[in-house]
1. Is it the case that Lys12 is in contact with a Lys or Arg (Cβ under 8 Å, 6 or more places away or on another chain), surrounded by fewer than 17 Cβ atoms within 10 Å (Cβ to Cβ), in contact (Cβ under 8 Å) with a residue 60 or more places away in the chain and not aliphatic (A, V, I, L, M)?
2. I'd like to check something: does the range 45-54 contain any residue that is over 15 Å from Ser115 (Cβ atoms), at pLDDT 95 or above and open to solvent by 30 Å² or more (accessible area, probe 1.4 Å)?
3. Check whether at least one residue in the range 30-45 is aromatic (Phe, Trp, Tyr), in contact (Cβ under 8 Å) with a residue 12 or more places away in the chain, touching a strand residue (DSSP E or B) at 6+ places or on another chain (Cβ under 9 Å) and not in a helix (DSSP H, G or I), and report yes or no.
4. When the residues of the range 30-63 are narrowed to those that are more than 9 Å from the chain's Cα centre (by Cα) and among the small types (Gly, Ala, Ser), which ends up farthest from Cys76 (Cα to Cα)?
5. Could you list all residues from the range 15-29 that are free of Cβ contacts under 8 Å to residues at least 40 places away in the same chain, of a type outside the set (Lys, Arg), within 20 Å of Phe63 (Cβ to Cβ) and assigned to a helix (DSSP H, G or I)?
6. With part of a helix (DSSP H, G or I), modelled with pLDDT of 70 or more and loosely packed, with under 13 Cβ neighbours inside 10 Å as the only criterion, which of Leu78, Leu64, Leu100, Leu110 stands out?
7. I'd like to verify a number: residues in the range 22-41 that are modelled with pLDDT under 95 and open to solvent by 40 Å² or more (accessible area, probe 1.4 Å), how many?
8. Which of (1) small (Gly, Ala, Ser); (2) open to solvent by 50 Å² or more (accessible area, probe 1.4 Å); (3) farther than 20 Å from Glu112 by Cβ does Ser17 not meet, given it meets every other one?
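The values are calculated or read from the model by the stated rules, or taken from the named source; none is laboratory data. Worth saying up front: this structure is predicted, and the values here are computed from it rather than measured. Every residue, glycine among them, receives a Cβ derived from its backbone with ideal geometry; neighbour counts consider all protein chains shown. Only protein heavy atoms, including side chains, enter the accessible area calculation; ligands, DNA and RNA are left aside. Shrake-Rupley method; radii C 1.70, N 1.55, O 1.52, S 1.80 Å.
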Amino acid sequence: MEAALPDKMYFKIGEVSRITDLKPSVIRFWESEFKELCPAKSRSGQRVYRHSDIQLLLRIKTFLYSERLTIEGARCRLAQQAFKSDSDMQKHEGNDPVVLKLLRDVKAELQELYSMF
């Protein structure tokens, strides 16, 4: 999916709508239902999406439309994937609790910074 995206950092909602084949109203609704989906806002207040936001939208679309999950089911699946990536991170770091705590702190701080924009 990544190769099909234009080579730029930010996308407006209309572009994301065309890329994902989702209506802008559906995208905005999903933002209210999935806390992981939180695009930044431009100075003019327009939503600006990154590649990761588009990939997340495509995953949610797959969960809801292809796998026919409910919104709650899709939320659970996203949480499972996040837990799995946390577990993978722990395996990669050799179960060092200090390193794992540091990585979690950095991750939380980055998410907080991301939500500010």
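1. Values: in contact with a Lys or Arg (Cβ under 8 Å, 6 or more places away or on another chain): yes; surrounded by fewer than 17 Cβ atoms within 10 Å (Cβ to Cβ): yes; in contact (Cβ under 8 Å) with a residue 60 or more places away in the chain: no; not aliphatic (A, V, I, L, M): yes.
Against the criterion (in contact with a Lys or Arg (Cβ under 8 Å, 6 or more places away or on another chain), surrounded by fewer than 17 Cβ atoms within 10 Å (Cβ to Cβ), in contact (Cβ under 8 Å) with a residue 60 or more places away in the chain and not aliphatic (A, V, I, L, M)), Lys12 does not qualify.
2. no
3. From the range 30-45, those aromatic (Phe, Trp, Tyr) are 30, 34; that's our starting set.
Pick out the ones that are also in contact (Cβ under 8 Å) with a residue 12 or more places away in the chain and you get 30, 34.
This time we only want the ones that are touching a strand residue (DSSP E or B) at 6+ places or on another chain (Cβ under 9 Å), so: none.
The answer is no, given that none of the residues of the range 30-45 is aromatic (Phe, Trp, Tyr), in contact (Cβ under 8 Å) with a residue 12 or more places away in the chain, touching a strand residue (DSSP E or B) at 6+ places or on another chain (Cβ under 9 Å) and not in a helix (DSSP H, G or I).
4. Going through the qualifying residues, I end up with Ser44.
5. Hits for the range 15-29 are Ser17, Ile19, Pro24, Ser25, Val26, Ile27, Phe29.
6. Numbers: Leu78 fails: loosely packed, with under 13 Cβ neighbours inside 10 Å; Leu64 fails: loosely packed, with under 13 Cβ neighbours inside 10 Å; Leu100 fails: loosely packed, with under 13 Cβ neighbours inside 10 Å.
The unique qualifying residue is Leu110.
7. The qualifying residues number 4.
8. (2)
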